[in-house]
Every structure is written in C-alpha cells, then in structure tokens.
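Where a number appears in this text, it was derived from the coordinates with a stated rule and is not lab data. It should be emphasised that the depicted structure is a prediction, and the values quoted were computed from it without experimental measurement. We place every Cβ from the backbone using ideal geometry, glycine too, and count neighbours over all the protein chains shown.
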Amino acid sequence: MPAYAVIGGQWGDEGKGKVIDYLAGKVDCVVRYAGGNNAGHTVVNERGTFQLHLVPSGICWPQVFGIIGNGVVVDPDVLLGELQQLTSRGIDTSKFLVSERAHVIMPYHIVLDRLEEESRGSGAIGTTGRGVGPAYVDKTARSGIRVGDLMDWEALVPRLEQVLAAKNALITKIYGGEALVLEDVLAQCRRWAEDLRPYACATEQIVQDLLAENKRVLLEGAQGTLLDIDHGSYPFVTSSSPSIGGACTGLGLSPQAIVGVMGVFKAYTSRVGSGPMPSEMVGVAAESLREKAQEYGTTTGRPRRVGWFDAVAGKYSCLVNGFTGNVLTRLDILDGFPSVKICIGYRVDGGEINRFPANTNLLARCQPIYEEMPGWDRPTASATTLSQLPENALAYIKRLEDLLGCPFQIISTGPSREETIVVEETIK
C-alpha cells in the first residue's frame, strides 16, 4: 500500500504543481492534505496552463482520483468555480471528491481575516485575506462548520445562529465592520450543500481502500515547510501543517503507509509576504531574477521576494520531513548568471551559526554566509538528461545535494511535463 508525499522544502512556490502533475501519471490518486485557497499550483500540459487553488494538481489525468482531505479548509465558491472552469476546458472531474470532515471557509472568516490583518498595521503578517487563518482558528476552537454539516440543515441552523452572533460581535464591536445577515449566510450554505453533495464523502475510507488494493497514492502538500505553523518562521507562517506530519492528520493516514517523502526545492529562494528571509536579494539583481522567473503569486499576484538558495533552511526542512529524495526545480532560471551563490551559514550577534533558528527575531538578524560558484552560459532549459547539463550546473546541483544531505531524484528544467530529468525513479 504505497503512498508518496510531495512537500515544499522552502517558503512555498517551489513548483510543486508541475512536479505533482508529472508524477500523477504514475499513480491512481492525488490527495491534498492541508491549507486552503491561499495556495496556488500552476500546471502546464498539452491542455494548456491551469492555475489551481484547491483541486489537486493531478486532476488533468483522467484515470486519477483527485481528493481533498479533511485537513484542508474549503471555500465552496472557489472550489465549485474551479471545478466548473476545469469542466469547461474538457477536464474530467468525475473522480473528484472532498472530505465531509473538511472545514468550510465561511463568509465571516474572510471578513475577519481582512479586518485582523488591517489592525496589525506595520506588524502585518501578509496573509492572502482568503479567510484561511480564521477558519483554522474556529476548527481549533471547536466552532467550525464542516462540509458534512452543510448537509444536516436541522442541526446547522441553530449552530450557525450562535456562531454568527459571536462573529458579528467581533466584526462590529472590535473592528468596526459591518455585521453579516444570517439569512444571507444560510442561503449560501443551502446552495453549497446542494452543489457539494455529489462530491462529499468519507475520503479517509476511500484512500485506505485504494491503498488496500495496492494502488499508488500521491499526497499533495501546499505552501512549504518554512511556513508550517509549528516548524516555520513563526508567526510569519500559514495556519496549517504543510510538513509531513500534516499529511497523516490531514488525511486520516497511518505514517506506515508513506514509503517516500519528496522535498521540492527551487534552485534559488522566494517568499511571499512578511517575515525574515536571510538570503534575500535586493535592488537590480532581485528585479532581474524576479522578472526572468515571473515570480508573482499564483493566488495573489503579489511580487515574490527572491534570493539565493538557503541551504541552512533547506537542511532544516530535510530534517523535519525526513526526505527520502528531493526535486530541484527552475534550474533554467539561473542560466546565464556569471556566478551563483549558496547561503551555507548565518552570521549573527558576532558569531556564526549553521542551524535554522526558532526565534524569529534572531532569524531576522541573521546575515548570510555565501559560497560562490561559477555560473554557466550554456542553457539548461528543456534538458531531459543529465548529459545535456553544463559542467558548472552539475557542480551546483552536486553541491546542493551535499549541503542538504539528500540526493535530487528529479530535476525540472521548464514548466511542461516533458522538461524533466529523471535521475532516479521516485514512484515504484
């Protein structure tokens, strides 16, 4: 019963969508286990370019089940809109399912997310304002509404009356916002219930059944390990667990079912939103890299902060997740740079450290210690074998492997499925 996880090793936006779409051709099911529509995965294949925020990235393969697990928080309007768009473009969504245990992003979550972020002023975290954080707050506070609850109208109405009264008090009395109308929210819930009913089920049982039949299951991570609520650069993190632990709790899956954990790393580093990023580039160099790579958020359109590869942070991700192999993406973006740098340590408070600190204030004071390597002038873009890569690019890859302590099994040299070098088969 083999399950394989694909997890971001940095601050998200590592190219997991391409990797998952590529690997999905070898599996029977792709399951999203955490996050909400604050994530965005871009998939490029013969059907075109797809920007997905909730639907698993394996949806373009007709034989593959696409499942949203219980650990995801779901905005029904976004989900249903995505499914409609996929169908209109000829993608079969008949094998899509969503967990009845997944929590729903309610209208008041979106309102509160934006009001709370505004109230932080200069200390803003940089949330997407999609209501994801407040939905997870309610999940933990045991006042959330789940997909299955939408189908039980008699129980839902009194619960929602109570919850909305409390949320309106926050919106109006604390933040000075406008109260939501119960009848409007209930009308939305009624529509959601009817539209989601064909997809909602006990997905944990479906996944277990597939594994029992010796089917291959791919676990799709969202965001990245350095945004993990426990292991990331807190408080500038997401509200869920993108790391490997989230895969088990977010799907109802035994750790024993997972036989491979793949970390996805970009050949450089990027980050959306606030928070420390020791290897961040600024000025002309940053603008040049950002424009060449088109580093703008799939979900928000915001320009991403960019920097050189941070091997200290990367090694920490390998430690937390126990990666059995890694994937290197966007190597082609570094084509033509006269030299490339790798952050191999931090200088802070008069000393040097080679670990990723838990204290965010300490991380913010860290200055990168760089190792500089010669660049390459022959392109790596669209390469499909290692023999096509320039010697200096191979040396860069080998150095990253040594620093991370884990080999690269796949190297991506472009956005399409074909632009991929398979060093070692990852799914067997």
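Laid out as a table, the results:
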| read-out | value |
| --- | --- |
| Likely footprinting exposure, 189, 29, fewest C-beta neighbours within 10 Å first | 189, 29 |
| Local electrostatic count at residue 366 - Lys and Arg +1, Asp and Glu -1, tallied over other residues with Cβ under 12 Å | -1 |
| Order of 152, 349, 77, 310 under a 10 Å beta carbon neighbour criterion, fewest first | 349, 152, 77, 310 |
| 10 Å Cβ shell holding at most 16 others, DSSP loop, GluC sites (Glu not before Pro): longest site-free stretch of the chain | 214-417 |
| Nearest-ten-degree value, helix 153-169 long axis tilted from longest Cα axis of the chain | 70 |
| Residues 373, 281, sorted so that the one with the fewest Cβ neighbours within 10 Å comes first | 373, 281 |
| Rounded to whole Hz, the Karplus (6.51, -1.76, 1.60) HN-Hα couplings of the range 331-340, x for glycine and proline | 4, 5, 5, 8, 4, x, 6, x, 8, 10 |
| Residue with peak Gaussian network fluctuation, the chain [Cα springs, cutoff 10 Å], from 73, 181, 264 | 181 |
| Given charges at Cβ of Lys, Arg, Asp, Glu: the chain dipole, positive-most of 207, 263, 150 | 263 |
| Value of relative contact order over the chain, rounded to a whole percent, pairs C-alpha under 8 Å and six or more apart | 20 |
| Debye, to nearest 20: dipole size of the range 198-298, +1 on Lys, Arg Cβ, -1 on Asp, Glu Cβ | 180 |
| Farthest positive-ward along the chain dipole, Cα basis, beta-carbon charges - from 392, 225, 44 | 392 |
| Whole-Å distance, taken between Cα centres, linking the range 396-423 and the range 163-203 | 44 |
| Under the Karplus curve 6.51 cos²θ - 1.76 cosθ + 1.60, θ = phi - 60°, whole-Hz ³J(HN,Hα) for the range 224-229, x wherever Gly or Pro sits | x, 4, 6, 10, 4, 4 |
| Relative packing of 119-132, 30-43, 327-340, 101-114, which averages over residues the other C-beta atoms within 10 Å, highest first | 30-43, 101-114, 327-340, 119-132 |
